[in-house]
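Student: Take a look at the following structure, please.
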Amino acid sequence: MADSDARLEESHMLVKFSVVWVLLPSLVLSSMLIRTALGGGFVKGKLNLEVCYSWWVLSSLIIIDRVHWIDKDKLTKFILNCQDRENGGISDRPDDAVDVFHTYFGVAGLSLLEYPEVKPIDPAYALPVDVVNRIFFGK
């Protein structure tokens with residue numbers, strides 16, 4: 001191989017190396033999230049996690065474009081089952097006391113699940129999309 005050919009090969013290896021290191025965190029994260037989602041039952045339907053935990057998994061899966069790994073209908077039902085229909089608010093689990101933290105992330109999760117009449121939430125910032133656009137992008 002000529003010297004110029006060897007240099008070209010080195011640059012290709014650099015690109016391959018860079019791509020692997022850029023994609024590797026996403027692949028590792030994907031693997032961790034799906035195990036968490038499967039373990040928590042977002043796929044199997046056996047939801048034994050807290051509402052806020054569903055937000056962390058859901059928003060992460062949306063960011064890496066893997067939300068199709070979970071059963072969105074079952075997750076929506078889980079969040080709604082944590083709602084106090086008489087007084088308002090959302091608890092960590094069904095039939096527990098509601099609090100502001102779980103209410104916020106429960107509503108944010110419903111937004112990411114495209115629940116009707118819930119304002120769109122940005123999965124990276126956990127803020128309404130219009131607020132993120134106004135603050136960060138001047139829109």
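Here, each number is a calculation from the coordinates, and none is a lab measurement. Note that the structure is predicted; figures quoted are calculated from it, not measured.
Student: Expressed in nm to one decimal, what extension gain is obtained for the pair ARG93 and ILE62 from 0.36 nm per residue of sequence separation less their Cα-Cα distance? Display every interim value, and only then the final one.
Tutor: Details: separation 31, 0.36 × 31 = 11.16 nm, distance 2.27 nm.
Once the chain is fully extended between ARG93 and ILE62, it gains 8.9 nm.
Student: OK, next. Structure shown: which of LYS72/LYS139; LYS77/LYS119; LYS72/LYS119 lie over 24 Å apart, alpha-carbon to alpha-carbon?
Tutor: Among LYS72/LYS139; LYS77/LYS119; LYS72/LYS119, the Cα-Cα distance tops 24 Å for LYS72/LYS139.
Student: Tell me, in nm to one decimal, what length is gained between PHE101 and VAL129 on full extension, where the rule is 0.36 nm per residue of separation less the Cα-Cα distance?
Tutor: Details: separation 28, 0.36 × 28 = 10.08 nm, distance 1.94 nm.
Separation in residues times 0.36 nm, less the Cα-Cα distance, equals 8.1 nm.
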